[in-house]
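Here the structure is laid out as structure tokens; the discussion comes afterwards.
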Amino acid sequence: MPLYRSLEELDFDIAELPRVAPARRVLMADPAHFDVEYGINPHMLDETGALRRVDRSKARAQWTELRQAFERLGLAVDVVAPLVGQPDLVFCANQTLPIAADIARDGRARIVPSNMRWAERRGEVEHVVAALARHGGTVERLTTREPLEGMGDGLWHPERRLLWAGVGPRSSLAAWSEIAERFDLPVIALELVERDFYHLDTALALLAHDACLWLPEALDARARALVESCFARRIVADEHEARRLFACNATCPDGRHVLIQQGCVRTCERLRAAGFEPLELDTSEFLKSGGSVFCLKLLF
């Protein structure tokens with residue numbers, strides 16, 4: 001299956017793609033060792049260039065509130081044990097790309113380990129792979145050594161057999177091309193162009209089969225045209241809230257409730273006007289490391 005990079009290349013209608021069931025399990029990683037110990041994205045440094053300081057007890061409380069929010073929505077939460085020396089393990093969207101059984105052509109679930117761009121995070125990968133493998137699924141490693149950061153840059157289209165793929169600071173076109181070809185999977189590649197938005201999940205949230213929350217300025221012109229063509233309902237996040245409060249790092253596991261960072265006032269108003277129900281959560285300690293709601297979980 002080819003990888004699609006422009007509107008002119010699209011040769012299918014999303015409405016006609018095979019339907020897939022929504023994920024009902026959530027993987028989260030225990031935040032016991034969460035901290036900011038290095039600077040691999042612009043959000044980890046304060047105005048003076050120093051590493052931001054984390055309140056671990058506050059981070060634990062915020063993480064627990066997020067877990068409970070998923071459980072209230074009827075999702076089963078599995079927790080990955082902490083790992084000494086891996087302070088960013090808590091952002092468990094990044095280490096793998098799970099491919100569900102009804103997405104794989106042969107009906108067998110897959111787990112694709114990430115090729116993390118930064119050496120500081122590579123030790124997280126096998127830990128998360130092992131946790132997912134306990135639920136079944138064949139581990140299939142990429143042949144390319146080019147970077148790919150799982151569901152930080154790979155977003156499954158709600159209810160359809162389609163993957164949206166971020167290309168830029170953390171994931172490569174070569175890796176997504178291999179995913180498309182190996183799994184005979186339609187993949188739409190979107191180029192990230194803004195420094196603050198280093199993963200696709202910081203610039204685009206897929207809310208329903210016809211709806212998304214996004215910041216257009218974070219994507220190049222070809223990527224913007226693809227999003228505009230494929231989603232009838234496009235909710236533009238407030239720019240300040242997207243840059244500083246990670247408004248687009250939201251998640252909508254049921255097509256209605258949008259879990260989003262507390263204080264995204266304008267973005268939440270726009271979500272309500274579009275028929276969604278924002279559930280505001282405080283992830284302020286995790287913002288210091290460059291992540292929020294979406295980064296802190298893996299739906300599978």
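Could you look through the range 25-36, keep only residues that are touching a strand residue (DSSP E or B) at 6+ places or on another chain (Cβ under 7 Å) and assigned to a loop (DSSP other than H, G, I, E, B), and pick out the one that is surrounded by the most Cβ atoms within 10 Å (Cβ to Cβ)? Ranking the qualifying residues of the range 25-36, first place goes to 36. There is no residue in the range 109-117 that is among the aliphatic types (A, V, I, L, M) and over 29 Å from residue 187 (Cα atoms).
Confirm whether residue 22 is assigned to a loop (DSSP other than H, G, I, E, B) and either of a type in the set (Ser, Thr, Tyr) or surrounded by fewer than 18 Cβ atoms within 10 Å (Cβ to Cβ) (or both). Yes: the conditions hold for residue 22. Out of the residues in the range 213-272 meeting the condition of being over 18 Å from the mean Cα position of the chain (by Cα) and of a type in the set (A, V, I, L, M), tell me which one is surrounded by the most Cβ atoms within 10 Å (Cβ to Cβ). Only one residue fits best here, namely 271.
Quick grid of which residues meet (1) on the phi < 0 side of the Ramachandran plot; (2) of a type in the set (S, T, N, Q):
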site	(1), (2)
83	yes, no
88	yes, no
95	yes, yes
115	yes, yes
130	yes, no
168	no, no
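Being farther than 21 Å from residue 14 by Cα, basic (Lys, Arg) and surrounded by fewer than 19 Cβ atoms within 10 Å (Cβ to Cβ) is a property that does not hold for residue 170.
Residue check: residue 276 meets all listed conditions (1) buried (at least 23 other Cβ atoms within 10 Å of the Cβ); (2) touching a helix residue (DSSP H, G or I) at 6+ places or on another chain (Cβ under 8 Å) but one, namely (2). Among the residues of the range 103-145, those that are polar (S, T, N, Q) and in contact with a Leu (Cβ under 6 Å, 6 or more places away or on another chain) comprise 114, 115. The listed residues are 247, 225, and the only one of them that is out of contact with any Phe, Trp or Tyr (no Cβ under 9 Å at 6 or more places or on another chain), outside any helix (DSSP H, G or I), at negative phi and not aromatic (Phe, Trp, Tyr) turns out to be 247.
Annotation note: Cβ proximity below 9 Å between a residue of the range 19-43 that is touching a residue at least 40 places away in the same chain (Cβ under 8 Å) and within 14 Å of residue 297 (Cβ to Cβ) and a residue that is among the aromatic types (Phe, Trp, Tyr) and part of a strand (DSSP E or B) (sequence gap 6+ or interchain) occurs for 23/156. Identify the residue in the range 279-300 that is over 12 Å from the mean Cα position of the chain (by Cα) and part of a helix (DSSP H, G or I) and, among all such residues, is surrounded by the most Cβ atoms within 10 Å (Cβ to Cβ). Checking each candidate, the answer is 286. Can you confirm whether the range 41-63 contains a residue that is under 18 Å from residue 92 (Cα atoms), modelled with pLDDT of 95 or more and among the acidic types (Asp, Glu)? No; the residues of the range 41-63 include none that is under 18 Å from residue 92 (Cα atoms), modelled with pLDDT of 95 or more and among the acidic types (Asp, Glu).
Filter the range 1-19 down to residues that are part of a helix (DSSP H, G or I) and charged (D, E, K, R) and give me whichever is surrounded by the most Cβ atoms within 10 Å (Cβ to Cβ). Checked the range 1-19; the qualifying residue surrounded by the most Cβ atoms within 10 Å (Cβ to Cβ) is 9.
The values are calculated or read from the model by the stated rules, or taken from the named source; none is laboratory data. These figures come from a predicted structure and were not determined experimentally. Note that we place each Cβ from the backbone using ideal geometry, even for glycine, and neighbour counts take in every protein chain shown.
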